[in-house]
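Each remark here refers to the structure printed beneath this line.
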Amino acid sequence: MAKNITNPEKDFARWYQDVIREAELADSAPVRGCMIIRPYGYSIWENIKASLDASFKETGHKNAYFPLFIPESFIKKEAKHVEGFAPELAIVTHGGGKKLEEPLVVRPTSETIINHMFSKWINSYRDLPMLLNQWANVVRWEMRPRAFLRTTEFLWQEGHTAHANEEEAREETLRMLKVYADFAENVAAIPVIPGRKTEQEKFAGAVDSYTIEAMMGNGWALQSGTSHYLGTNFARVFDTMYLDSNNEQQFVHQTSWGVSTRLVGAVIMAHGDENGLRLPPKLAPVQVVIVPIARDDSARTEVLMVVDSINEGLKKMGIRVEVDNREGMSPGFKFNYWEVRGVPLRLEIGPRDLKEGHVTASARNRPGREDKFTISLDSLVENIPEILEKIQNEMLDEAIRKRDSRTYSVEDLGDFREAIVSDPGFYNVWWDGVAEDEVRLQKETKATVRCIPLEQQEGSGKCIMTGRETSTRVVLARAY
RNA sequence: CGGGGCGUGGCGCAGUUCGGUAGCGCACCUGCUUUGGGAGCAGGGGGUCGCCGGUUCAAAUCCGGCCGCCCCGACCA
């Protein structure tokens, strides 16, 4: 059906790249691992950003901006942090034609420089909590880049907060995890499993890391957002302290949390189909596209008059609408063009429709001629928000169904080893392992512990790796 | 870095075995006819065949070296 797009069943990685190219989301850059985010792809990111930024502000955070360059010594201060990030740092050694006194790291994340400033700004318990966020680019020299999922430079948001005690900081960590989970489900229409990361998988420098794990179209997991409780790890090395009400010096307890342009990849892979992209209305750069159809000039005049009034009506309601009145292109070509780009709702308006007093509509989540429906012209504009809402809900429902149909329980490692290959998906298992067990699991199955879900079921069983009795369930999956 | 594949107009490819001076589809431009699921015809523009060197009267093609890209793995938001 769709030209130039590989069937996802046949070759999912190829399909992913095809969709990115055909929908004009991104292009590859002259530098390995870097990408150009094209206007259409960037506009999805802008919508993600707008929605999250509003949530951050609602929860009391303010935006700030910290520098791209960080003194190399900063990164080295926290032992686990260096260990985790050293292999993937880009380091600037020269500037202005001279060798620098101290090399500068291009930020892979900003905990260190932010702590440096926090220790200057925070003096008293009255300065707490300090709740900041920044929208920025970061650089991590990854071995194997993939468009949106893992690029050398990527765009993200990183929240950094300082609190008077552990309890408040932990509360903040989970609050932001919930903000992410709500965004994923209610805006991106992607169901996620919120959970805690294991020792092996947690952020370099964190006490505890939390994640939202989403399932992609091939059954693999994608970590779609993280929130960390940093404890006093960074405060201790940067001397980020405050005077409490008893006039005693205390270290602040911190959090950091982030989501990135990886979310665009998640949207592509969670919703896309054999015809290309499918966008949930809340994130779609174009929510409604109108394709006028006219055989001759007189019909065109008549059709365009109606189209214009619908266009204006929808715009007034704040709906992102576009009229495709390009000439010399057949309606069929335009239908496909907008389907590849994932536009949630298409309205087709021609002389036949006008005669009947309606427009023909097609929802992207139910493509094809058979599922087209009509909307009466009288109530058209008022009906659109409801239809978009319905598409949004249907997409979430479908994503939940797809995920649930690929979620299994397994008891035995041997069974799992075969199952994860024949039926990639989420596998719920009993778990009482330590870091070595995780390494062995990954070696033997290529799967990892994605998270220890916050919601745990009752009961107990034998750990899939150690055989020890446990009441903890975890999710295993192959991951990007 | 290991294992596989590939570099030829914007994109996808053929041509390489057996050297003879580059071709196809899509896209693009012009004109006419078209327009309810990727329109037709006619005309047209665009490529130092990844780079460097060698062999030869002659290299996309043979030889040597280098570079880059993609997929799979280790790493990771």
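See the values below:
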{"read-out": "Every residue from segment A:190-211 that is away from RNA strand B (no atom under 12 Å from the Cβ) and either assigned to a helix (DSSP H, G or I) or within 26 Å of A:LYS76 (Cβ to Cβ) (or both)", "value": "A:VAL207, A:ASP208"}
{"read-out": "Test: residue in segment A:296-309 that is within 12 Å of RNA strand B (Cβ to nearest atom), within 26 Å of A:TRP45 (Cβ to Cβ) and surrounded by 13 or more Cβ atoms within 10 Å (Cβ to Cβ)", "value": "no"}
{"read-out": "Selected residue (only one of A:ALA169, A:ALA214, A:ALA162, A:ALA235 is in a strand (DSSP E or B), of a type in the set (A, V, I, L, M) and more than 16 Å from RNA strand B (Cβ to nearest atom))", "value": "A:ALA162"}
{"read-out": "Hey, A:LEU222 in contact (Cβ under 8 Å) with a residue 24 or more places away in the chain, in contact with a helix residue (DSSP H, G or I) (Cβ under 8 Å, 6 or more places away or on another chain) and either assigned to a strand (DSSP E or B) or not assigned by TED's automatic domain parsing to the domain that holds A:HIS163 (or both) or not", "value": "yes"}
{"read-out": "Pairs with Cβ under 7 Å, 6+ apart, first in segment A:150-177 and more than 20 Å from A:VAL138 (Cβ to Cβ), second modelled with pLDDT of 95 or more and in a helix (DSSP H, G or I)", "value": "A:ALA162/A:PHE118; A:HIS163/A:ALA169; A:HIS163/A:GLU172; A:ALA164/A:TYR125"}
{"read-out": "Single residue of segment A:251-289 satisfying the filter (within 24 Å of A:GLU322 (Cβ to Cβ) and part of a strand (DSSP E or B)) that is farthest from RNA strand B (Cβ to nearest atom)", "value": "A:VAL288"}
{"read-out": "Cβ pairs under 7 Å, 6+ apart, first in segment A:336-352 and over 18 Å from A:ARG300 (Cα atoms), second in a loop (DSSP other than H, G, I, E, B) and near RNA strand B (Cβ under 6 Å from one of its atoms)", "value": "A:GLU339/A:PRO367; A:VAL340/A:ALA2"}
{"read-out": "Which listed residue, of A:GLU83, A:GLU102, A:GLU58, is in contact with a helix residue (DSSP H, G or I) (Cβ under 7 Å, 6 or more places away or on another chain), more than 18 Å from A:ASN137 (Cα to Cα) and loosely packed, with under 15 Cβ neighbours inside 10 Å", "value": "A:GLU102"}
{"read-out": "Pick from segment A:434-460, criterion more than 10 Å from RNA strand B (Cβ to nearest atom) and either aromatic (Phe, Trp, Tyr) or assigned to a loop (DSSP other than H, G, I, E, B) (or both), ranking: surrounded by the fewest Cβ atoms within 10 Å (Cβ to Cβ)", "value": "A:GLU458"}
{"read-out": "Leading residue by the ranking (surrounded by the most Cβ atoms within 10 Å (Cβ to Cβ)) among those in segment A:135-162 that are within 27 Å of A:MET269 (Cβ to Cβ) and polar (S, T, N, Q)", "value": "A:THR151"}
{"read-out": "Residue in segment A:269-280 that is under 30 Å from A:THR232 (Cβ atoms) and surrounded by 20 or more Cβ atoms within 10 Å (Cβ to Cβ) present", "value": "no"}
{"read-out": "In segment A:1-55, the residues that are within 10 Å of RNA strand B (Cβ to nearest atom), touching a helix residue (DSSP H, G or I) at 6+ places or on another chain (Cβ under 6 Å) and not in a helix (DSSP H, G or I)", "value": "A:ASN4, A:ILE5"}
{"read-out": "Residue match in segment A:365-379 (condition: farther than 30 Å from A:LYS462 by Cα and crowded, with 20+ Cβ neighbours inside 10 Å)", "value": "yes"}
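The values are calculated or read from the model by the stated rules, or taken from the named source; none is laboratory data. Model, not experiment: these values are computed from the prediction. Cβ: placed from backbone, ideal geometry, glycine included. Neighbour counts: every protein chain shown.
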